[in-house]
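The values are calculated or read from the model by the stated rules, or taken from the named source; none is laboratory data. This one's a predicted model, so the numbers in the text were calculated from it and none came from an experiment. All Cβ positions, even for glycine, are placed from backbone atoms using ideal geometry, and neighbour counts span all protein chains on display. Remember, those area values only see protein heavy atoms, side chains included, never the ligands or the DNA or RNA. Shrake-Rupley method; radii C 1.70, N 1.55, O 1.52, S 1.80 Å.
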There are 2 protein chains.
Amino acid sequence: MSDIKQQALQCREAAQQIAQLSTDAKNALLRAMAAALEADEASILEANAADLSAAREKGLSGAMLDRLKLDARALAAVADALREVADLPDPVGLVTRRDVRPNGISVERVRVPLGVIAMIYEARPNVTADAAALCLKAGNGVILRGGSEAIRSNTAIAASLKRALRQAGLPDAALTLVTDLRREAMLELLQLTDIVDLAIPRGGEGLIRFVAEHARVPVIKHYKGVCHFFVDASADLELALRLLIDGKVSRPSACNSLETLLVHADIAGDFLPAAASALAERNVEIRGDARSSALMAGAKPVTEDDYAAEFLDLVIAVRVVDSLDEAIAHIHRYGSDHTEVIATRNEGNAERFVQSLRSAVVMVNASSRFSDGGELGLGAEIGISTTRLHAYGPMGLEALTVERFVVRGSGQTRNLP
Amino acid sequence: MSDIKQQALQCREAAQQIAQLSTDAKNALLRAMAAALEADEASILEANAADLSAAREKGLSGAMLDRLKLDARALAAVADALREVADLPDPVGLVTRRDVRPNGISVERVRVPLGVIAMIYEARPNVTADAAALCLKAGNGVILRGGSEAIRSNTAIAASLKRALRQAGLPDAALTLVTDLRREAMLELLQLTDIVDLAIPRGGEGLIRFVAEHARVPVIKHYKGVCHFFVDASADLELALRLLIDGKVSRPSACNSLETLLVHADIAGDFLPAAASALAERNVEIRGDARSSALMAGAKPVTEDDYAAEFLDLVIAVRVVDSLDEAIAHIHRYGSDHTEVIATRNEGNAERFVQSLRSAVVMVNASSRFSDGGELGLGAEIGISTTRLHAYGPMGLEALTVERFVVRGSGQTRNLP
């Protein structure tokens, strides 16, 4: 048997013990993990420094180095995040519905863990701890396969977390870090249909497509967030301008940032000149169609590709539309099913926007940047799904469980012959 | 573009209209479909007779012919089943949770359709109507790929249902019957990841494995139901005997029938002789381990393979165990995560049985035959999942939808820079 299959089997075995833990035991474990990270600060930061220096030698970009870098403050934030997960309600064992059938059997729907979750991710070493905490809290085993740039940091973090598992008398295989980073090993992991219950890839579109295309195990993912903002004819234009700036500028590298602005022709003349100067002030490059460009100083011509792009940068595509329907059609054509926003004072239009769009998150008069597990009240986020199955939109602890049936009777039979 | 992709795209296009329909419109559609089936009784039964005669020529088994056969009464039952689906509550648009965040945005979780569902099934022509009704009621498009034995029946049924769609002013591509039954066409359908949101195979283990192994689209399925019945030391033995007979004999070909009987050693001497004679009376073949065979007249020796088998027949595997833990370990080893039953008067043991097993349905003092969407209160059943993702256990209308987020604000921003 290959190493990776062996490790995965041990994780599955260990996961059965995690599934049985009480909420208190799981919370104590997560707090012990946080303490272990703090106790091991020196060795973790040393490992991270080695990753950083290797990354610099390989000539990685500044943005990559930023994502990779840990310091004492960042590590303390990782430990605090584990304590926050400990404070979240436990989804496991929750009875979501209870029904007594006419024949007297009681039927409960009860949340149980998924089993073994494989997290496939890139540079950020904090994912190692965050994802482990969420998977374990939801009663699962977790197999972590991070990027090669972060391997020393991930190994150090995993060592701390595994020590906390052992000290709690639990099998540390419940948290398994894959250290064989060859592509073939990842491919093998993604084929283990009887062992791995779910794979969640997080990172660039390239990684996610690789996982989605090669996995035989179920995958929940989103490729990209091409989020739209439609300013309706009846919009409060000051409110719309605030949503535009927050959505585009506050963190352009996030998947819930705005990529395309659609403006109703009736208010384009009022809105777009002000929008153009507010965007220009914040160094946002504007790519507009002919009608919007005529109203926006400094706009460049937009291309078809721009409308389908997730810029992840200070760039926005703009288009003037003649109706709500045209906006909806544009989003159907170019959207990624992630998050769409309308600014309007017309309730009927708000409802039609919400009903006509199939995206995971649809918002009325609120910033696209709220499309996030924490902001939407999930407590934490393991990923975002734009796949209409199991979970759709930001995923929290609950998305790491599934409902099953528990039936209690007093000897009822169905059709005793 | 291939025919099958073209058809699937048309189905997806049509599904967007189905997703927007009101509950009343969907219910009226289903009732019109029922009426259309009744109006077309002659042509449907004629098509079915042709299927049957072709099947007889091909030398299909009696059981296969039974599954294939429709008569006026069976067709009336199919039409009634459509009306029953019309009477079920509509899952689409249901607000499952509503929360106002500290910043004042309202966050709703709302059920939406999955999109396009591909049903892959074998001989039973009633599935054509049943599955179509459930998929459409949940706001989805449906692509139906039945077995070649039933192609004439399925085509006739689909023609009636499609006429009802057109008469309601709806695109009949929302219900698409695949008539190209070549294996390559099915393979192509199962690769359409951007068009088909879910495939549900129903039929023999061979078909289901073929679909699961070749699909790139998500698949929800169960391979088999190796359902266990554990008679605890404290069980009411009369009750246990009734559950045994109902579970094994009332419909041995069903996946929720019992395959293995586990009996606590303390009561084996009391229970097994009575069980043996009750089973023998009903022509059930007994395959036991040494300890149970000593107590059961006519028992044959059980093999390792028997414990993993879904007999789908009047055969039962038996084993005496020394403890609840041994029963649980047996089920972990040989089970299929479908349905397990304990007979006990000890509440602690009942709880431990429920908590220690990961199966989709776990029952205390009730017949395994209740592991069915209708019996458990789902109203109807599109399939059963033993995959711990999205749905686990019998799936009804709700499993054909997913929850998304609808956010309403008054101009809130996250971190306006």
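A compact table of results
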{"quantity": "Test: residue in the stretch B:337-360 that is at the interface with another protein chain (Cβ under 7 Å from one of its Cβ atoms), touching a Gly at 6+ places or on another chain (Cβ under 6 Å) and among the β-branched types (Val, Ile, Thr)", "calculated": "no"}
{"quantity": "Unique residue being crowded, with 22+ Cβ neighbours inside 10 Å and of a type outside the set (D, E, K, R) when the list is A:VAL85, A:VAL110", "calculated": "A:VAL85"}
{"quantity": "Some residue of the stretch A:135-142 being open to solvent by less than 10 Å² (accessible area, probe 1.4 Å) and on the phi > 0 side of the Ramachandran plot", "calculated": "yes"}
{"quantity": "Matching option when the condition is modelled with pLDDT of 95 or more, assigned by TED's automatic domain parsing to the domain that holds A:ALA164 and surrounded by fewer than 20 Cβ atoms within 10 Å (Cβ to Cβ), among A:ALA35, A:ALA47", "calculated": "A:ALA35"}
{"quantity": "Which numbered condition B:PRO394 misses (of (1) facing chain A (nearest Cβ under 7 Å); (2) closer than 24 Å to A:ASP194 by Cα; (3) of a type outside the set (A, V, I, L, M, F, W, C))", "calculated": "(1)"}
{"quantity": "Sole exception among (1) within 26 Å of B:LEU389 (Cβ to Cβ); (2) surrounded by 18 or more Cβ atoms within 10 Å (Cβ to Cβ); (3) away from every other protein chain (no Cβ under 12 Å) for B:ALA308, by number", "calculated": "(2)"}
{"quantity": "Members of the stretch B:208-225 found to be away from chain A (no Cβ under 11 Å) and either modelled with pLDDT of 95 or more or over 24 Å from B:THR260 (Cβ atoms) (or both), listed by number", "calculated": "B:PHE210, B:VAL211"}
{"quantity": "Subset of the stretch B:194-207 (residues that are more than 14 Å from every other protein chain (Cβ to nearest Cβ) and either under 30 Å from B:GLU326 (Cβ atoms) or open to solvent by 40 Å² or more (accessible area, probe 1.4 Å) (or both))", "calculated": "B:ARG202, B:GLY203, B:GLU205, B:GLY206"}
{"quantity": "Residue that is nearest to the other protein chains (Cβ to nearest Cβ), among those in the stretch A:56-80 that are small (Gly, Ala, Ser), within 21 Å of the chain's Cα centre (by Cα) and surrounded by fewer than 18 Cβ atoms within 10 Å (Cβ to Cβ)", "calculated": "A:ALA77"}
{"quantity": "Residue check for A:ALA215: surrounded by 17 or more Cβ atoms within 10 Å (Cβ to Cβ), within 19 Å of A:ILE384 (Cα to Cα) and more than 17 Å from the chain's Cα centre (by Cα)", "calculated": "yes"}
{"quantity": "Leading residue by the ranking (farthest from the other protein chains (Cβ to nearest Cβ)) among those in the stretch B:95-106 that are without any contact (Cβ under 8 Å) to a residue 60 or more places away in the chain and part of a loop (DSSP other than H, G, I, E, B)", "calculated": "B:PRO102"}
{"quantity": "Residues of the stretch B:251-281 classified as buried (at least 18 other Cβ atoms within 10 Å of the Cβ) and within 19 Å of the chain's Cα centre (by Cα), total", "calculated": "6"}
{"quantity": "Leading residue by the ranking (farthest from B:GLY93 (Cα to Cα)) among those in the stretch B:21-30 that are touching a residue at least 40 places away in the same chain (Cβ under 8 Å) and surrounded by fewer than 17 Cβ atoms within 10 Å (Cβ to Cβ)", "calculated": "B:ALA28"}
{"quantity": "Test result for A:GLU122, open to solvent by 40 Å² or more (accessible area, probe 1.4 Å) and modelled with pLDDT under 95", "calculated": "yes"}
{"quantity": "Number of positions in the stretch B:62-76 that are out of contact with any helix residue (DSSP H, G or I) (no Cβ under 8 Å at 6 or more places or on another chain) and either farther than 19 Å from B:ARG152 by Cβ or not assigned by TED's automatic domain parsing to the domain that holds B:ALA164 (or both)", "calculated": "3"}
{"quantity": "Qualifying residue in the stretch A:162-180 (condition: within 14 Å of chain B (Cβ to nearest Cβ) and among the acidic types (Asp, Glu))", "calculated": "no"}
{"quantity": "Test: B:SER293 is within 12 Å of chain A (Cβ to nearest Cβ), in contact with a Pro (Cβ under 7 Å, 6 or more places away or on another chain) and of a type in the set (S, T, N, Q)", "calculated": "no"}
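The rows are residues; the columns are (1) aromatic (Phe, Trp, Tyr); (2) within 11 Å of chain B (Cβ to nearest Cβ); (3) over 28 Å from B:VAL100 (Cα atoms).
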{"site": "A:ILE316", "(1), (2), (3)": "no, no, yes"}
{"site": "A:ASP325", "(1), (2), (3)": "no, no, yes"}
{"site": "A:GLY335", "(1), (2), (3)": "no, no, no"}
{"site": "A:VAL362", "(1), (2), (3)": "no, yes, no"}
{"site": "A:ALA366", "(1), (2), (3)": "no, yes, no"}
{"site": "A:GLY379", "(1), (2), (3)": "no, no, no"}
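Residue-by-condition table, conditions (1) aliphatic (A, V, I, L, M); (2) closer than 24 Å to A:LEU177 by Cα:
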position	(1), (2)
A:VAL100	yes, no
A:GLY104	no, no
A:ARG111	no, no
A:ILE120	yes, yes
A:ARG124	no, yes
A:ALA131	yes, yes
A:LEU136	yes, yes
